[in-house]
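The values are calculated or read from the model by the stated rules, or taken from the named source; none is laboratory data. A quick note: this is a predicted structure, and the numbers were derived from the prediction, not measured. Don't worry about glycine lacking a Cβ; one is built from the backbone with ideal geometry, like all the others, and counts go over all protein chains shown.
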Amino acid sequence: MLPAAAPAVPVRPPSRASSPAAAPAAAVQFEGRILFLYDDPDLIRRQLAGEDLAWDPALPLVDNISTDEITPGWVCFHFDATLGDYSLVGLRGGAILAGDLKRGGFAVIVSGKSKGCGSSRETAPFSEQAAGIQLVLARNIEKIYGQNCQNIGLLTSTDFGLIDRIRRGEAIALEEFTAALDPVAADIVRKGGLFAYNRARLAGDVQPPLLTTPPRPMTLVEKIVARNVIADARSGRLGAVAVQPGDAVFVRTDVRFSHDYTTAMAQAAFHGALGATARVNDVASVFAFRDHLTFLSLVMPEKHRQMGLDGKAALLADIQREFCRVQGIRLYDETADGRGSEAICHNAVLEDLAVPGDIVVGTDSHTCTAGALGTFAFGVGSTDMANTWYTKDIRVQVPESVRFVVTGKRRAGIAAKDIMLRIMATPFIKDGKAIGKVLEFTGPGVGALSMDERATLTNMAVEAGATTGIIEADEVVLKWLAQMRPGLDVDALRPRMLRSDSDARYLATFEIDLDDLALMVATPGDPRNGIPLADLPGPVKIDIAYGGSCTGGKMADMDMYASVLRAAVDQGRRVAPGVELYIQFGSQKIKQYAVERGYLALFAAAGAKVIDPSCGACINAGPGVSKTADTVTISAINRNFPGRSGPGKVYLASPLVVAASAVAGYIVGPDEIVGAHANAGPDDV
């Protein structure tokens, strides 16, 4: 059934003067059309062509619209109002082309569950706002995307009852958009954005609510927040006896970082709000990375070159380099010999920068990787980063925690990736109930994991919609830090190794029994599509096998690739004809580890192509990306949203499955190559 045409309503283009971002008011009137992102691309095209459709709750809306679909990677080379010309051009079905959203005169956009999942890129809501959108309506809003909307003055709501009222031309009280927010977020919306709010906060003109939470049992993240909460913005006084979920606070940060996709946008906001001579607060705790676009030139399509995007991408690196030079920021740059980056940001934060008990923020959703060290680490947008350059603190609504207790013993061939794909396939995660929460991983099954394997769990917490993932620091962490950072006094870190109280309150607790865990894969389209590998409908032939990224390019991952490929070479086998296997390191330290163990020669003998450190194919910016829609990839990366690694179909799996599938030519478990002796890599790495 197709929706009938909507009643005739005078359509006026969105007025920026009446935009909530430009002039917060007691009520907001939306002067434009409503775009329903129905699951049928033809219905979207009809609206873009000028037809106003009625709201039909019986018709499915598009769910899980990722930020990769709102602003695909190549669109993010822009960081100004030009983004409005390209908003939603990556939406599945190809219904929205360049300029369509902006030309349509839409003020409201409506979609289904989990709007804004995936990357923390602030280009996504900014592009919608620049195209004229004033209100985003969805069944639920992903945490980072929603916070980015608040920061720039783009309203959001999950109240579909607004649709008819907006169609009638009714002015909606601003309080209807702030009622469900914490007090700080509500004040940010009322002020029209984060910079305006922070100026008022630091001047004492507006105050976050007084923290009055009495002593109580606390989770690990709650304890870290309580230790670092800003008790007085003017003096910088820290600490509180306790916090609880829902408390709206600002916390002092220990590590702040951005990368080449985001630094330019953040510095534009920083200078735009504070002036060209503004200086970063406590520059020693600020870092930048040239890690995302290092190998872009090797895979950029000719049509994008003709659009001048190669120059735009190079400009992002130039702006970052100059900003770091002027400010004195430590930049992890390209290597002098042109062999990739010094490190992917998340690998470097683990190897070089963070310690237990830290609060780590970065302009990347996978900042949560550092939770493996026992830190509270989470991704933020460019405006949040620009503000924390200014204040050194970051706003937090204390999140609820969800505990995953991992028990039993891994059988041969089971890796942390299998554990995480199983967790993400639970109804709790798939229904969006983890959005904005903390995933705390615990139990003997977690304690038995190596540091690198723990990082796989925390890295992918954001794929569940969570704010972060975290694991209590223990002796495994201290031993690993001592290996990674010679000279570091690890004993001095013991007071920072916090523990959740035994009677702390959790939103929910789940048990994952490793004795019953099967090899897992996530089918194309969403990392929450996890199923047992054995449930795949027949052999799935592959064209590309990719082992790399922050998730699959660690030292233990190299051990896993090597364990399978060594068995293959010993049997006289190598990568199957017609398949390309790429193995990419997460940092120069990881590459050196592989060199010292003879892995490079082994990988070459097996027919794998080795790539120096960079995010690469994980973000459609390096060797290993697909070029056609019918290309099938098995990948060790963290997400497989449409368009993430090219137009093809991407299955997610562990490094063991990736390597075994490369040799077999179709998706198989490692026992098909190694036999009963497959393992998940040494736990002492």
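Does Tyr582 count as under 28 Å from Ala343 (Cα atoms), touching a residue at least 60 places away in the same chain (Cβ under 8 Å), touching a Phe, Trp or Tyr at 6+ places or on another chain (Cβ under 6 Å) and part of a strand (DSSP E or B)?
No, not satisfied.
Quick check on segment 538-563: of everything there that is charged (D, E, K, R) and in a helix (DSSP H, G or I), which residue is farthest from Ala594 (Cα to Cα)?
From segment 538-563, those charged (D, E, K, R) are 541, 543, 554, 557, 559; that's our starting set.
Now restrict to residues that are in a helix (DSSP H, G or I): 557, 559.
Details: Asp557: 10, Asp559: 8 Å.
If we take residues in segment 538-563 being charged (D, E, K, R) and in a helix (DSSP H, G or I), then Asp557 is farthest from Ala594 (Cα to Cα).
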Please determine whether any residue of segment 319-338 is under 21 Å from Ile611 (Cβ atoms) and among the aliphatic types (A, V, I, L, M). yes
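Confirm whether Lys409 is out of contact with any helix residue (DSSP H, G or I) (no Cβ under 7 Å at 6 or more places or on another chain), assigned to a loop (DSSP other than H, G, I, E, B) and surrounded by fewer than 21 Cβ atoms within 10 Å (Cβ to Cβ).
Numbers: out of contact with any helix residue (DSSP H, G or I) (no Cβ under 7 Å at 6 or more places or on another chain): no; assigned to a loop (DSSP other than H, G, I, E, B): yes; surrounded by fewer than 21 Cβ atoms within 10 Å (Cβ to Cβ): yes.
Considered against the rule, which asks whether it is out of contact with any helix residue (DSSP H, G or I) (no Cβ under 7 Å at 6 or more places or on another chain), assigned to a loop (DSSP other than H, G, I, E, B) and surrounded by fewer than 21 Cβ atoms within 10 Å (Cβ to Cβ), Lys409 comes out as no.
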From Ile188, Ile163, which residue is more than 27 Å from the chain's Cα centre (by Cα) and part of a helix (DSSP H, G or I)? Ile163
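Of the residues that make up segment 525-547, is at least one within 30 Å of Met218 (Cα to Cα) and either charged (D, E, K, R) or in the same structural domain as Asp63 (by TED's automatic domain parsing) (or both)? Reasoning before the result, please.
Going through segment 525-547, the residues within 30 Å of Met218 (Cα to Cα) turn out to be 528.
Now narrow it down to the ones that are either charged (D, E, K, R) or in the same structural domain as Asp63 (by TED's automatic domain parsing) (or both): 528.
Yes: one or more hits.
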When the residues of segment 551-592 are filtered to those that are β-branched (Val, Ile, Thr) and within 26 Å of the chain's Cα centre (by Cα), which remaining residue is farthest from Ser626 (Cα to Cα)? Ile590
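Quick grid of which residues meet (1) under 25 Å from Thr367 (Cα atoms); (2) touching a Gly at 6+ places or on another chain (Cβ under 9 Å); (3) surrounded by fewer than 23 Cβ atoms within 10 Å (Cβ to Cβ):
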{"site": "Asp205", "(1), (2), (3)": "no, no, yes"}
{"site": "Leu211", "(1), (2), (3)": "no, no, yes"}
{"site": "Val249", "(1), (2), (3)": "yes, no, no"}
{"site": "Arg256", "(1), (2), (3)": "yes, yes, no"}
{"site": "Thr263", "(1), (2), (3)": "yes, no, no"}
{"site": "Ala268", "(1), (2), (3)": "yes, no, yes"}
{"site": "Phe287", "(1), (2), (3)": "yes, yes, yes"}
With (1) touching a residue at least 12 places away in the same chain (Cβ under 8 Å); (2) in contact with a helix residue (DSSP H, G or I) (Cβ under 9 Å, 6 or more places away or on another chain) as the list, and Lys627 as the residue in question, which single condition is left unmet? (2)
Name every residue in segment 643-672 that is modelled with pLDDT under 95 and either out of contact with any helix residue (DSSP H, G or I) (no Cβ under 9 Å at 6 or more places or on another chain) or crowded, with 24+ Cβ neighbours inside 10 Å (or both), in order of residue number. Arg644, Ser645, Pro647
Given the conditions (1) under 29 Å from Pro670 (Cβ atoms); (2) in contact with an Asp or Glu (Cβ under 7 Å, 6 or more places away or on another chain); (3) among the aliphatic types (A, V, I, L, M), every one holds for Ala461 apart from (2)
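Would you confirm whether any residue within segment 286-296 is charged (D, E, K, R), on the phi < 0 side of the Ramachandran plot and not in a loop (DSSP other than H, G, I, E, B)?
Looking only at segment 286-296, we keep the residues that are charged (D, E, K, R), and these are 290-291.
Pick out the ones that are also on the phi < 0 side of the Ramachandran plot and you get 290-291.
Subset that is not in a loop (DSSP other than H, G, I, E, B): none.
No, segment 286-296 has no match at all.
In segment 37-51, which residues are in a loop (DSSP other than H, G, I, E, B) and more than 17 Å from Phe160 (Cβ to Cβ)?
Within segment 37-51, the subset in a loop (DSSP other than H, G, I, E, B) is 37, 39-40, 49-51.
If the condition is that a residue be in a loop (DSSP other than H, G, I, E, B) and more than 17 Å from Phe160 (Cβ to Cβ), then Asp40, Ala49, Gly50, Glu51 are the ones that fit.
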All positions within segment 4-28 that are crowded, with 16+ Cβ neighbours inside 10 Å and at pLDDT 50 or above: Val28
Specify the residue that is surrounded by the fewest Cβ atoms within 10 Å (Cβ to Cβ); the eligible residues are those in segment 214-240 that are modelled with pLDDT of 95 or more and farther than 18 Å from Thr467 by Cβ. Pro214
Residues of segment 337-366 classified as at positive phi and assigned to a helix (DSSP H, G or I), total: 0
Residue list for segment 48-85, restricted to those being farther than 21 Å from Met307 by Cβ, buried (at least 23 other Cβ atoms within 10 Å of the Cβ) and not β-branched (Val, Ile, Thr): Asn64, Ser66
Does Gly169 satisfy the condition of being surrounded by fewer than 23 Cβ atoms within 10 Å (Cβ to Cβ), closer than 21 Å to Asp393 by Cβ, at pLDDT 90 or above and among the small types (Gly, Ala, Ser)? no
Take Ala545 and tell me if it is touching a helix residue (DSSP H, G or I) at 6+ places or on another chain (Cβ under 7 Å) and touching a residue at least 60 places away in the same chain (Cβ under 8 Å). yes
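Scan segment 323-342 and tell me whether some residue there is touching a residue at least 12 places away in the same chain (Cβ under 8 Å) and under 30 Å from Arg216 (Cβ atoms). Reasoning before the result, please.
Here is the first cut: in segment 323-342, the ones touching a residue at least 12 places away in the same chain (Cβ under 8 Å) are 323-324, 327-335, 339-342.
Going one step further and asking which of them are under 30 Å from Arg216 (Cβ atoms), we end up with none.
No, segment 323-342 has no match at all.
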If I go through segment 101-132 residue by residue, how many of them are under 23 Å from the mean Cα position of the chain (by Cα), under 17 Å from Thr82 (Cα atoms) and either surrounded by 24 or more Cβ atoms within 10 Å (Cβ to Cβ) or without any contact (Cβ under 8 Å) to a residue 12 or more places away in the chain (or both)? 9
Would you check if Leu457 is touching a Phe, Trp or Tyr at 6+ places or on another chain (Cβ under 6 Å) and either of a type in the set (A, V, I, L, M) or surrounded by fewer than 24 Cβ atoms within 10 Å (Cβ to Cβ) (or both)? yes
For segment 501-528, enumerate the residues that are aliphatic (A, V, I, L, M) and either closer than 30 Å to Pro245 by Cα or not in a helix (DSSP H, G or I) (or both). Ala504, Leu507, Ala508, Ile512, Leu517, Ala518, Leu519, Met520, Val521, Ala522
If you check Leu88 against the conditions, is it modelled with pLDDT of 95 or more and either outside the structural domain of Glu51 (by TED's automatic domain parsing) or assigned to a loop (DSSP other than H, G, I, E, B) (or both)? yes
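If I filter segment 483-497 for residues that are hydrophobic (A, V, I, L, M, F, W, C) and crowded, with 20+ Cβ neighbours inside 10 Å, do I get at least one hit?
Taking segment 483-497 first, the residues hydrophobic (A, V, I, L, M, F, W, C) are 484, 488, 490, 492-493, 497.
Next, from what is left, pick out any that are crowded, with 20+ Cβ neighbours inside 10 Å: none.
Checking segment 483-497: not a single residue is hydrophobic (A, V, I, L, M, F, W, C) and crowded, with 20+ Cβ neighbours inside 10 Å.
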